[in-house]
Amino acid sequence: MEKFQVSLKKVVDDSYEICIGEQLADQMVDDLASGLVGTVNKFAVITDSTVGPLYAEPVLKGLRARGFTGDLFVIPAGEEHKTREEKARIEDEMLGKGYRRDCCVVAVGGGVVTDLAGFLAGTFARGVPFVNYATTLLAAADASIGGKTAVDTPLATNLIGLFYQPKKVYIDLAAWRTLPKRQIISGMAETIKHACLADSQFFCWLEENMDKVLTLDPECCLEIAKNNCRIKYEVVMQDERESGLREVLNLGHTVGRAVETVSNYQLMHGEAVGIGLAAACALAVNAGIMPAEDAKRVCILLEKAGLPVRIPSYVDVDVLLKKLYTDKKVRNGRLRFVLPEQIGKIYQVADNDFGYPVTEEQAKEAILAIS
Ligand code: GLY
């Protein structure tokens, strides 16, 4: 027998900058022209049908004006299009247009676009660089940062994907003013989640300022974007690959992702997370982990933001319960929930373990409590 040792130890530096401001497209084009992603001169600008004309076309124009080659690749707007099929369609289009390893993906849009485009970049020609230009509050608060990329499948959301970090993230606060109110409200769920899991002061600030936040007061928007990035990064920098601590960012997502799928995407992601947060609080109170008073404050804040805190009547509770088992935190067939201990703190089950084991009966009790 012959044996070979393949030594592949490496030190990887995937650090990158997040730039928060208004109208950052020119800044992004300048950065790309100045070598942000090396000597690449072919850019695949991936966007959706809503954002394309507003933000992606000017980016493409800017790149072409600098002498670069580029094309627009458009997915239809909506979570139901974050699929393997859409990813494959764009890949085939890119291949047909001569894109190979020497290109860069520029994702311009909300969470659907940044998730799908990041996943595509991670697998195209075994990985090409990508940058995110986030135009929604949801993408700014969560999806565009942290390197989780994915597509949905009929079974559940985000089951197929990669950890793949962008080269830079641009958060355009001016874009929030073009969003429908429902999208802003949906984006607030991840913000409330972050406050709940890590920062009671930020939670109080949200309680005091929610009315102003919903009018998209510029100072409030900046405050929100900064706090979301800070809270998320304090976690991601310690546990990029979710081997423990990063699970806390799943707060509200066990019931949230399940109800989003079972609603057939009638619920927007943030609306589903609002319901998921209410369910996690109900569970935590029932388990004697969280004071009822804190849980009440969370639900009041969610409602103040305009988010739902109850399971819609068209959702079948038994179907929802079964769907909980598609959650990535399930271990040995057992449900595990991230639960708040108090506002600003997650309950730690054991060393590096934040998934509280929950029986189906406990999950049902919590779900019925908010039905
Ligand atoms: N959205 C949760 C995470 O990024 O880990």
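The values are calculated or read from the model by the stated rules, or taken from the named source; none is laboratory data. Because the structure is predicted, anything quoted here is derived from the model rather than measured. Reconstructed Cβ throughout: ideal geometry from the backbone, glycine too, with neighbour counts over all protein chains shown. Side chains included, ligands, DNA and RNA excluded: accessible areas come from the protein's heavy atoms. Shrake-Rupley method; radii C 1.70, N 1.55, O 1.52, S 1.80 Å.
Please provide three numbers in whole Å: the alpha-carbon extents of segment 81-166 along the principal axes, with the largest listed first.
34, 28, 19
How high is the relative contact order of segment 8-76? Use alpha-carbon pairs under 8 Å, at least six apart in sequence, and give a whole percent. Provide the component values of the computation, followed by the final result.
Values: 55 pairs, mean separation 24.3, N = 69.
Reported relative contact order: 35 percent.
Could you name the aspartates and glutamates in cross-link range of LYS87, using Cα to Cα under 12 Å and dropping any fewer than eight places away on the same chain?
Those aspartates and glutamates meeting the cut-off are ASP115, ASP152.
Mind checking the log10 I(q)/I(0) for segment 287-371 at q = 0.10, 0.23, 0.25 Å⁻¹? Debye, one equal scatterer per Cα, no solvent, two decimals.
Normalising to I(0) and taking log10 leaves -0.29, -1.33, -1.37.
So what is the accessible area of the chain per residue, in Å², with the probe set to 1.4 Å?
Computed with neighbouring chains in place, this is 44 Å² per residue.
Can you list the HN-Hα couplings for segment 257-272, worked out from phi with the Karplus curve (6.51, -1.76, 1.60; θ = phi - 60°), rounded to whole Hz and with x for Gly and Pro?
Taking θ as phi minus 60°, the curve returns 5, 5, 6, 4, 5, 5, 6, 6, 6, 5, 8, 6, 3, x, 4, 5 Hz for segment 257-272.
With a sphere of radius 14 Å drawn around the Cβ of THR359, what net charge do the other residues whose Cβ falls strictly inside it have (Lys, Arg +1; Asp, Glu -1)?
For residues surrounding THR359, the net value is +1.
Any lysines with Cα under 18 Å of the LYS168 Cα? List them, leaving off those in the same chain fewer than 8 positions away.
Hits, sequence-local ones excluded: LYS42, LYS148, LYS226, LYS232.
Probe radius 1.4 Å, ligands and nucleic acids ignored: give me the carbon and sulfur share of the accessible area of the chain as a rounded percent.
C and S fraction of accessible area: 50 percent.
Please give the contour-minus-distance gain from ASP26 to GLU93: 0.36 nm per residue of separation, less the Cα-Cα distance, rounded to one decimal in nm. Could you put the intermediate results ahead of the total?
Details: separation 67, 0.36 × 67 = 24.12 nm, distance 2.63 nm.
The span from ASP26 to GLU93 would gain 21.5 nm if fully extended.
Return the calculated 222 nm mean residue ellipticity for the chain, to the nearest 500 deg cm²/dmol, obtained by summing -39500 (n - 2.57) across DSSP H runs with n ≥ 4 and dividing by the residue count.
Mean residue ellipticity at 222 nm (helix-derived): -13500 deg cm²/dmol.
Which angle from 0 to 90°, rounded to the nearest 10, does the C-alpha axis of helix 111-123 make with the longest principal axis of the chain?
Taking the Cα atoms of the chain, the angle to 111-123 is about 60 degrees.
What are the ³J(HN,Hα) values, in whole Hz, obtained from phi via the Karplus relation 6.51 cos²θ - 1.76 cosθ + 1.60 with θ = phi - 60°, for each residue of segment 18-27 in sequence order, with x given for Gly and Pro?
For segment 18-27, the Karplus curve yields 10, 10, 10, x, 10, 6, 9, 4, 5, 4 Hz.
Given a cut-off of 18 Å, what percent of all Cα-Cα pairs of segment 1-122 lie beyond it?
Above the 18 Å cut-off, segment 1-122 has 57 percent of its Cα pairs.
Whose amide H sits under 5 Å from the amide H of PHE337, counting only residues 5 or more places off or on another chain, with H placed in the peptide plane?
Residues meeting the amide H criterion: TYR356, VAL358.
Using θ = phi - 60° and the Karplus form 6.51 cos²θ - 1.76 cosθ + 1.60, what ³J(HN,Hα) does each residue of segment 246-252 get, whole Hz, x for Gly and Pro?
Working through the residues one at a time gives 4, 4, 4, 6, 7, 3, x Hz.
I'd like the antiparallel share, as a percent to the nearest 5, of DSSP beta bridges with both residues in the chain.
30 percent
Tell me the angle of helix 218-236 to the major Cα principal axis of the chain, expressed in degrees between 0 and 90 and rounded to the nearest ten.
For 218-236 against the chain, the angle is about 90 degrees.
Tell me the Kirkwood hydrodynamic radius of segment 152-247 in angstroms, computed as one over the mean inverse distance between distinct C-alpha pairs.
When all Cα pairs of segment 152-247 are included, the Kirkwood radius is 15.2 Å.
Among residues other than LEU95 whose Cβ falls under 13 Å from its Cβ, what is the net charge (Lys/Arg +1, Asp/Glu -1)?
For residues surrounding LEU95, the net value is +2.
Going highest first, how would you order 42-51, 70-79, 134-143 by mean Cβ packing within 10 Å?
Numbers: 42-51: 22.6, 70-79: 17.8, 134-143: 28.4.
Result, highest mean Cβ count within 10 Å first: 134-143, 42-51, 70-79.
Pairing the Cα long axis of helix 360-369 with the longest principal axis of the chain, what angle in degrees results, from 0 to 90 and rounded to the nearest 10?
Approximately 80 degrees, to the nearest ten.
What order do you get for 105-112, 213-220, 7-14 when each peptide is scored by the mean count of other beta carbon atoms within 10 Å, highest first?
Working: 105-112: 28.9, 213-220: 14.5, 7-14: 5.9.
Peptide ranking by packing, descending: 105-112, 213-220, 7-14.
Using only the Cα atoms, what convex hull volume per residue in Å³ does the chain have?
Numbers: hull volume 57.3 nm³, N = 371.
It comes to 154 Å³ per residue, whole-number rounded.
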